[in-house]
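K.L.:
Mind looking over this structure? Questions follow.
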Amino acid sequence: MFYLFLSKVFKGFDLFKSTLIANSCSFFPQIWFRALGKNCRFQGFPRFGYAFRDIRVGNNCSFGVGIFLNCGADGYINIGNFVSLNDYTYISSLYGVEIGDNSRIAEFVSIRDNDHAYADPETLIRNQGFQGAKIKIGSDVWIGRGVFIGKGVEIGNGAVIGANSVVTKSIPPFAVAVGAPAKVIKYRQKNSTESILQCLEVT
């Protein structure tokens with residue numbers, strides 16, 4: 001009973017902390033979020049690469065601890081409704097990152113729409129700038145722990161990405177993809193011969 005009581009006390013403290021963080025973002029609009037929806041929950045205050053950038057969050061989203069949102073001057077981060085970002089998710093946008101409604105993103109996921117340019121061996125990599133393209137993650141997508149998602153990738157609605165996968169190419173809707181690089185191993189439809197044939201074509 002004592003441990004149950006302590007659990008309720010700490011849960012109440014977490015709720016208070018989450019409300020305090022969400023309200024602090026509302027009190028200082030557009031410093032950290034261009035728009036922040038209702039009923040968002042925070043386990044810790046997110047880290048930001050820069051203030052006054054185009055970061056928009058929908059309603060009923062949840063943020064774990066150690067979230068890092070790094071948005072460049074010409075980039076944007078759009079997060080839909082009922083999206084969860086678990087601990088230590090890292091999102092870097094110089095071009096644009098979109099995450100659809102009801103998507104689940106596990107801990108230690110890295111989403112980066114840009115890479116260092118490195119083609120010229122006679123120039124320091126740090127002096128060659130960046131290259132990239134927008135990332136679009138659909139609705140009802142589940143991204144497992146430790147996944148990397150690179151520039152130009154589109155992940156279709158309802159897709160599942162297995163833990164520790166490296167996604168460098170787009171993934172179709174309702175596909176299950178795993179590996180480094182990530183490859184489609186099956187589709188979520190039940191007993192569908194057509195989905196199996198599609199999977200063989202992709203892989």
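The values are calculated or read from the model by the stated rules, or taken from the named source; none is laboratory data. Predicted model only: the values in this text are computed from it and were never measured. In this analysis, Cβ positions are derived from the backbone assuming ideal geometry, glycine residues included, and neighbour counts consider all displayed protein chains.
K.L.:
Could you tell me which numbered condition G75 fails, if it satisfies all but one of (1) crowded, with 19+ Cβ neighbours inside 10 Å; (2) within 20 Å of W142 (Cβ to Cβ); (3) touching a Gly at 6+ places or on another chain (Cβ under 7 Å)?
P.N.:
(2)
K.L.:
When you look at A163, is it part of a loop (DSSP other than H, G, I, E, B), under 18 Å from R104 (Cβ atoms) and modelled with pLDDT of 95 or more, yes or no?
P.N.:
On the way: part of a loop (DSSP other than H, G, I, E, B): yes; under 18 Å from R104 (Cβ atoms): yes; modelled with pLDDT of 95 or more: yes.
So A163 passes the test.
K.L.:
What tally of residues in segment 123-155 results from selecting those that are over 16 Å from the mean Cα position of the chain (by Cα) and crowded, with 17+ Cβ neighbours inside 10 Å? Before the answer, list the steps.
P.N.:
So the first thing to find is which residues in segment 123-155 are over 16 Å from the mean Cα position of the chain (by Cα), and the list is 123-132.
With crowded, with 17+ Cβ neighbours inside 10 Å added as a condition, the list becomes 132.
The qualifying residues number 1.
K.L.:
Tell me which residues, restricted to segment 167-190, are of a type outside the set (K, R), buried (at least 16 other Cβ atoms within 10 Å of the Cβ) and outside any loop (DSSP other than H, G, I, E, B).
P.N.:
Listed by number, the residues that qualify are V167, I171, A175, V176, A177, V178, V184, Y187.
K.L.:
Further, regarding this structure: Is there any pair linking a residue in segment 32-52 that is in a loop (DSSP other than H, G, I, E, B) to one that is modelled with pLDDT under 90, with Cβ under 6 Å and at least six apart or on different chains, and which?
P.N.:
W32/C25; F33/C25; C40/A22; F45/I21; A51/I31
K.L.:
In addition: State whether one or more residues within segment 100-122 are over 21 Å from T168 (Cα atoms), in contact with a helix residue (DSSP H, G or I) (Cβ under 6 Å, 6 or more places away or on another chain) and surrounded by 18 or more Cβ atoms within 10 Å (Cβ to Cβ). Spell out the reasoning first.
P.N.:
Restricting attention to segment 100-122, the residues satisfying the condition of being over 21 Å from T168 (Cα atoms) are 101-102, 120-122.
Then drop every residue that is not in contact with a helix residue (DSSP H, G or I) (Cβ under 6 Å, 6 or more places away or on another chain), which leaves none.
No; the residues of segment 100-122 include none that is over 21 Å from T168 (Cα atoms), in contact with a helix residue (DSSP H, G or I) (Cβ under 6 Å, 6 or more places away or on another chain) and surrounded by 18 or more Cβ atoms within 10 Å (Cβ to Cβ).
K.L.:
So which pairs qualify, if the first residue must be in segment 102-122 and farther than 18 Å from S92 by Cβ, the second must be of a type in the set (D, E), the Cβ gap must be under 9 Å, and the two must be at least 6 apart or on different chains?
P.N.:
Taking only residues 6 or more apart or on different chains, the pairs are N102/D140; R104/D140.
Rundown of residues vs (1) among the hydroxyl-bearing types (S, T, Y); (2) over 11 Å from the mean Cα position of the chain (by Cα); (3) at pLDDT below 95; (4) over 23 Å from G132 (Cα atoms), yes/no style:
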site	(1), (2), (3), (4)
I31	no, yes, yes, yes
A35	no, yes, yes, yes
C40	no, yes, yes, yes
R47	no, yes, yes, no
I67	no, no, no, no
G75	no, yes, no, no
I79	no, no, no, no
